[in-house]
1. From Glu73, Glu136, grab the single residue that is part of a helix (DSSP H, G or I), open to solvent by 10 Å² or more (accessible area, probe 1.4 Å) and either away from the ligand (no atom under 15 Å from the Cβ) or touching a Pro at 6+ places or on another chain (Cβ under 6 Å) (or both).
2. Going by the structure shown, is Asn105 more than 26 Å from Glu34 (Cα to Cα), touching an Asp or Glu at 6+ places or on another chain (Cβ under 8 Å) and either modelled with pLDDT under 95 or surrounded by 17 or more Cβ atoms within 10 Å (Cβ to Cβ) (or both)?
3. In region 8-15, is there at least one residue being within 13 Å of the ligand (Cβ to nearest atom), under 25 Å from Glu136 (Cα atoms) and either small (Gly, Ala, Ser) or not in a loop (DSSP other than H, G, I, E, B) (or both)?
4. Quick one: which of Ala147, Ala122, Ala90, Ala59 is loosely packed, with under 12 Cβ neighbours inside 10 Å, among the hydrophobic types (A, V, I, L, M, F, W, C) and in a helix (DSSP H, G or I)?
5. If you check every pair at least six apart or on different chains, which have Cβ atoms under 6 Å apart with a residue in region 70-83 that is touching a residue at least 60 places away in the same chain (Cβ under 8 Å) first and a residue that is within 12 Å of the ligand (Cβ to nearest atom) and assigned to a loop (DSSP other than H, G, I, E, B) second?
6. Anything in region 29-45 that is farther than 20 Å from Arg95 by Cα and either touching a residue at least 24 places away in the same chain (Cβ under 8 Å) or among the aliphatic types (A, V, I, L, M) (or both)? List them, or say none.
Amino acid sequence: MQENREYYMKEAICQARRAEAIEEVPIGCVIVREGKIIARGYNRRNTDHSVLKHAEITAIQKACRKLGDWRLEDCTLYVTLEPCQMCAGAIVQARIPKVVIGAMNPKAGSAGSVINLLQMKAFNHQVEIEKGIMGEECSAMLSHFFATLRRKRAAKPD
Ligand SMILES: [Zn+2]
């Protein structure tokens with residue numbers, strides 16, 4: 001079955017909006033298996049004071065719990081921003097076969113921008129990457145978030 005990529009990316013964007021609502025960098029993720037969303041996650045790094053609380057890690061943990069397995073071999077992960085090195089590592093470890101990315105991240109992206117950890121021949125697992133799915137919406141959401149943050153900071157001198 002051909003998955004409706006835009007539909008799932010919109011769901012990932014909904015997760016990113018939840019992060020934005022608590023003043024976190026808006027990044028969201030969903031994991032899809034057999035046409036169904038089995039796990040969701042959004043960035044909560046500041047809220048939970050944890051570098052581990054990236055959208056992808058949260059979604060991977062939930063999916064693993066749900067399936068009772070550390071392997072997510074028949075799942076597709078949708079994420080609004082190119083994964084960092086930690087999340088790319090977890091994606092490879094979980095044997096996720098495919099990742100669909102909204103916007104790329106030239107400063108920290110580890111799916112081709114800084115490094116491509118998802119497709120290193122030397123590792124035992126490589127991940128298919130599809131990028132630019134609703135990329136404009138995903139990057140506009142981030143630009144808007146950072147512009148608002150700068151405005152707030154400029155408004156209250158400390
Ligand atoms: Zn990450």
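1. Within the list Glu73, Glu136, the selection yields Glu136.
2. Working: more than 26 Å from Glu34 (Cα to Cα): yes; touching an Asp or Glu at 6+ places or on another chain (Cβ under 8 Å): yes; either modelled with pLDDT under 95 or surrounded by 17 or more Cβ atoms within 10 Å (Cβ to Cβ) (or both): yes.
Here the answer is yes, as Asn105 does meet what is asked.
3. Here is the first cut: in region 8-15, the ones within 13 Å of the ligand (Cβ to nearest atom) are none.
The answer is no; no qualifying residue exists.
4. Numbers: Ala122 fails: in a helix (DSSP H, G or I); Ala90 fails: loosely packed, with under 12 Cβ neighbours inside 10 Å; Ala59 fails: loosely packed, with under 12 Cβ neighbours inside 10 Å.
After ruling out the rest, the residue left standing is Ala147.
5. Thr80/Ile27; Leu81/Ile27; Leu81/Asn105
6. Within region 29-45, the first condition is being farther than 20 Å from Arg95 by Cα, and the residues that meet it are 42-45.
Hits for region 29-45 are Tyr42, Asn43, Arg44.
Residue-by-condition table, conditions (1) on the phi > 0 side of the Ramachandran plot; (2) in contact (Cβ under 8 Å) with a residue 12 or more places away in the chain; (3) in a loop (DSSP other than H, G, I, E, B); (4) out of contact with any Lys or Arg (no Cβ under 9 Å at 6 or more places or on another chain):
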residue	(1), (2), (3), (4)
Arg95	yes, yes, yes, no
Val100	no, yes, no, no
Ala108	no, yes, yes, yes
Ser113	no, yes, yes, no
Leu118	no, yes, no, yes
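The values are calculated or read from the model by the stated rules, or taken from the named source; none is laboratory data. Keep in mind that what you see is a predicted model, and the values were worked out from it rather than measured. All Cβ positions, even for glycine, are placed from backbone atoms using ideal geometry, and neighbour counts span all protein chains on display. Just so you know, the surface numbers come from the protein's heavy atoms only, side chains and all, with ligands and any DNA or RNA stripped out. Shrake-Rupley method; radii C 1.70, N 1.55, O 1.52, S 1.80 Å.
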